[in-house]
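To start, the structure itself, in structure tokens.
The values are calculated or read from the model by the stated rules, or taken from the named source; none is laboratory data. Everything quoted here is computed from the prediction, not taken from an experiment. So basically every Cβ, Gly included, is an ideal-geometry build from the backbone, and we count neighbours across all protein chains shown. In case anyone asks, the SASA skips ligands and DNA or RNA and just uses the protein heavy atoms, side chains included. Shrake-Rupley method; radii C 1.70, N 1.55, O 1.52, S 1.80 Å.
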Amino acid sequence: MPLDTIWVVAEPAGDSLTTTSLELLTHARTLATTVAAVSWGANADARARVAGEYGASTLYDVGELAGALPGAPVAYALAALAAATPPDAVLVPTSYDGRDVAARLSARLDRPVLTNVSGLSDEGGLVTEHQVFGGTQVVRARFTGDGPAIIVVRAKSFAAEPTGGAPAAIVAAPSGDVGPVGTARIVTSHAEERTGPQLEDATVVVSGGRGLGDAGSYALVEELASLLHGAAGASRAIVVGQTGKTVKPTVYIALGISGATQHMVGMKGAKNIVAINKDPDAPIFQIADLGIVGDVHKILPAVIEAVKTHG
Amino acid sequence: MNVVVCAKQIPDPAAPQSLDAQHNLDRTGKLILDEADTYGVEMALQLVDKAGGGEVTVVSMGSAQDVAGLRTALAMGAAKAVIVSDDSLRGTDALGTAKVLAAVVRRLQPDLVVAATESSDGYTGTTPVQLAELVGLPSITFAKSIEVNGSTVTVQRQTEAGFDEVTAPLPALVTVTAGVVEPRYASFKGIMAAKSKPVEVLSVADLGLEGQVGSAGARQVITEVVTADARQSGEKYVDDGDGAARVVAFLESIKVL
């Protein structure tokens, strides 16, 4: 018997919703009779159209946040909605704001939250799957007790497929006074210049880890990525694995990366993996199609030269 | 300005890891300070320095049999540590951990709470913000930099596109990403001083949280642990000058070049 109701936290992306939100809406349809999206931002009509196309019948709209970080106001709206008519589960995308929303909702409802979920099925109740130890083992878990299950799902765990459904009905979500916890404000937004494909869409991803050392070496990672028309998969801030960044490129080139557990979960879906590391026992070699034990500072410049002159 | 840094002692990530019979991470071996927490400790020390007064307190939960990891933070310059340690905490989930840490933060009344974005062992990534909600603090996650001016904290917060400048009034909670600052190495003097710095050990009863935390409060159960579809390793070579050529040949074979 399917579940009754699942809500999906549907993050705005321009006039649409993020890809992970669409993946969650798609999967929620297979689990529950009724799927609703909970969203925020400008232009609710456009978001309701997209949410409907992916299977939501209702879009609970928190509205514009006037510069507030979404975590507190969206969690408060969800908690107020759940107090009236609790859903069986709330699915949340793994993202910068998604984890904030899930964490605040969890504390407010006094319900646990399961994160880093990469599989979700109904087996007489929801069963979540989590990859641990670099994806070598899968933990399966269930919620106990009453109240909604709060589940934070990694990107690319499910495919996003439209149903061609009608626009979701827009229902204004209660906003109310969030109080001191809602006082974090975005003052300005800065976009960093980016050339080449987005990390998530790139067919070639080149990543550099701690074994690479200084920032100068990181420029070489970016150079190789650019020469191969790919994306650089790690910087000091954006790292594959962290924040649930998941990539599935044709080839993933890991330079000086030992293979920490989050990192492995984020990239082991690559079709091919090339690893260069000076430590012959680095875990990354257990999953690499081609492993080179050696000094990345010598090999990387030589690879770049060879690719440049490649005819 | 007084800053609390939430820190976790974890099994050395470089050592093999396993789950015990109760599906909890095996923590019986040597524990170290999570490297992810060294960034928060360093950032907190710098903020207190800049403010010209106050101290850094490290707050943790877990076994107090071995506090070498907390001593690492004290050796870096933190003034004292508080660890909540209790047999009844075995099996505590992220929300339960947040309840325990929140009880300590309420006692200490800091101006700022700093935590890592996620731990390197469990990487649940929700405990800090759950703590903020329980204490009633605004939170800013994924900080690339933190500045405090008077009673306002200003953070460069990582976003998909770049970063946002985000402000919040103190008291507040901020989570930091790796690389936010370069953690200092403890000096010999620091290591010696750390030995006599106070490490307060509290029980669940001390915090009045009996029955609310631990596996009884977790309300989630691991039903099974299965081996994932293994990804076969391919060929591994020790570079003897032909490493680059092998990489290029491989890229050609899969038609990336």
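Restricting to the range A:160-188, give me the number of residues that are assigned to a loop (DSSP other than H, G, I, E, B) and facing another protein chain (nearest Cβ under 7 Å).
2
Residue check: is B:LEU70 in a helix (DSSP H, G or I), closer than 25 Å to A:GLY182 by Cβ and touching a residue at least 40 places away in the same chain (Cβ under 8 Å)?
no
When only residues in the range B:101-116 that are in contact with a helix residue (DSSP H, G or I) (Cβ under 7 Å, 6 or more places away or on another chain) and either part of a helix (DSSP H, G or I) or facing chain A (nearest Cβ under 9 Å) (or both) count, which is surrounded by the fewest Cβ atoms within 10 Å (Cβ to Cβ)?
B:ARG106
A:ALA107: among the hydrophobic types (A, V, I, L, M, F, W, C) and open to solvent by 10 Å² or more (accessible area, probe 1.4 Å), yes or no?
Yes: the conditions hold for A:ALA107.
Considering the range B:226-248 alone, what residues qualify as being open to solvent by less than 60 Å² (accessible area, probe 1.4 Å), in contact with a strand residue (DSSP E or B) (Cβ under 9 Å, 6 or more places away or on another chain) and of a type in the set (A, V, I, L, M)?
B:VAL226, B:ALA228, B:ALA244, B:VAL247
Which condition from (1) open to solvent by less than 40 Å² (accessible area, probe 1.4 Å); (2) at pLDDT 90 or above is the one that A:PRO301 breaks?
(1)
Let me spell it out: the conditions are (1) open to solvent by 60 Å² or more (accessible area, probe 1.4 Å); (2) not in a strand (DSSP E or B), and B:VAL201 meets all of them except one. Which number is the exception?
Status for B:VAL201: all satisfied but (2).
Got a sec? Which of A:VAL171, A:VAL152, A:VAL206, A:VAL138 is open to solvent by less than 40 Å² (accessible area, probe 1.4 Å), assigned by TED's automatic domain parsing to the domain that holds A:ALA77, modelled with pLDDT of 80 or more and over 28 Å from B:LEU134 (Cα atoms)?
Going through A:VAL171, A:VAL152, A:VAL206, A:VAL138 in turn, just one is open to solvent by less than 40 Å² (accessible area, probe 1.4 Å), assigned by TED's automatic domain parsing to the domain that holds A:ALA77, modelled with pLDDT of 80 or more and over 28 Å from B:LEU134 (Cα atoms): A:VAL138.
Is at least one residue of the range A:112-133 at the interface with chain B (Cβ under 8 Å from one of its Cβ atoms) and farther than 26 Å from B:GLY122 by Cα?
no
May I ask you to list pairs of residues, at least six apart or on different chains, whose Cβ atoms are under 6 Å apart, with the first in the range A:136-152 being within 7 Å of chain B (Cβ to nearest Cβ) and the second being buried (at least 17 other Cβ atoms within 10 Å of the Cβ) and among the charged types (D, E, K, R)?
What qualifies is A:VAL138/A:GLU129; A:ARG140/A:GLU129; A:THR144/B:ARG219; A:GLY145/B:ARG219.
When B:LEU170 is evaluated against the numbered criteria (1) under 30 Å from B:VAL148 (Cα atoms); (2) buried (at least 18 other Cβ atoms within 10 Å of the Cβ), which criterion, by number, is the only one it fails?
Condition (2) is where B:LEU170 drops out.
Can you confirm whether the range B:33-40 contains a residue that is modelled with pLDDT under 90, more than 26 Å from B:LEU209 (Cα to Cα) and open to solvent by 50 Å² or more (accessible area, probe 1.4 Å)?
Yes, there is a match, as at least one residue in the range B:33-40 is modelled with pLDDT under 90, more than 26 Å from B:LEU209 (Cα to Cα) and open to solvent by 50 Å² or more (accessible area, probe 1.4 Å).
Keeping to the range A:254-267, report how many residues are facing another protein chain (nearest Cβ under 8 Å) and either part of a helix (DSSP H, G or I) or buried (at least 24 other Cβ atoms within 10 Å of the Cβ) (or both).
The total comes to 2.
For the range B:181-224, give me each residue that is within 30 Å of A:SER121 (Cβ to Cβ) and out of contact with any His (no Cβ under 6 Å at 6 or more places or on another chain).
B:VAL213, B:GLY214, B:SER215, B:ALA216, B:GLY217, B:ALA218, B:ARG219, B:GLN220, B:VAL221, B:THR223, B:GLU224
Going through the range A:12-53 one residue at a time, which ones are hydrophobic (A, V, I, L, M, F, W, C), surrounded by fewer than 19 Cβ atoms within 10 Å (Cβ to Cβ) and touching a residue at least 60 places away in the same chain (Cβ under 8 Å)?
Result: A:LEU31, single match.
Output the residue which, of all residues in the range A:189-203 that are over 20 Å from A:ALA288 (Cα atoms) and assigned to a loop (DSSP other than H, G, I, E, B), is most open to solvent (accessible area, probe 1.4 Å).
The extreme case among them is A:GLU193.
With respect to B:SER60, determine if the residue is open to solvent by 40 Å² or more (accessible area, probe 1.4 Å) and either of a type outside the set (Lys, Arg) or under 30 Å from A:ILE257 (Cα atoms) (or both).
For B:SER60, the condition - open to solvent by 40 Å² or more (accessible area, probe 1.4 Å) and either of a type outside the set (Lys, Arg) or under 30 Å from A:ILE257 (Cα atoms) (or both) - is not met.
When you check A:ALA102 against the structure, is it at the interface with chain B (Cβ under 7 Å from one of its Cβ atoms), in contact (Cβ under 8 Å) with a residue 40 or more places away in the chain and out of contact with any Leu (no Cβ under 7 Å at 6 or more places or on another chain), yes or no?
yes
For A:ALA56, indicate whether it is crowded, with 24+ Cβ neighbours inside 10 Å, in a strand (DSSP E or B), touching a residue at least 12 places away in the same chain (Cβ under 8 Å) and of a type in the set (A, V, I, L, M).
no
Out of everything in the range A:270-294 that is part of a helix (DSSP H, G or I) and open to solvent by 30 Å² or more (accessible area, probe 1.4 Å), what residue ends up being farthest from the other protein chains (Cβ to nearest Cβ)?
A:PRO283
In contact (Cβ under 8 Å) with a residue 12 or more places away in the chain and of a type in the set (Gly, Ala, Ser): does that describe B:ALA21?
Judged against the criteria, B:ALA21 is not a match.
State the number of residues belonging to the range B:204-225 that are over 30 Å from B:LEU108 (Cβ atoms) and open to solvent by less than 70 Å² (accessible area, probe 1.4 Å).
Residues in the range B:204-225 being over 30 Å from B:LEU108 (Cβ atoms) and open to solvent by less than 70 Å² (accessible area, probe 1.4 Å): 4 in total.
Would you check if A:LEU65 is open to solvent by less than 20 Å² (accessible area, probe 1.4 Å), in contact with a Gly (Cβ under 9 Å, 6 or more places away or on another chain) and in the same structural domain as A:GLY165 (by TED's automatic domain parsing)?
Considered against the rule, which asks whether it is open to solvent by less than 20 Å² (accessible area, probe 1.4 Å), in contact with a Gly (Cβ under 9 Å, 6 or more places away or on another chain) and in the same structural domain as A:GLY165 (by TED's automatic domain parsing), A:LEU65 comes out as no.
Tell me, please, whether a residue that is open to solvent by 20 Å² or more (accessible area, probe 1.4 Å), in a strand (DSSP E or B) and β-branched (Val, Ile, Thr) can be found in the range B:133-149.
Within the range B:133-149, one or more residues are open to solvent by 20 Å² or more (accessible area, probe 1.4 Å), in a strand (DSSP E or B) and β-branched (Val, Ile, Thr).
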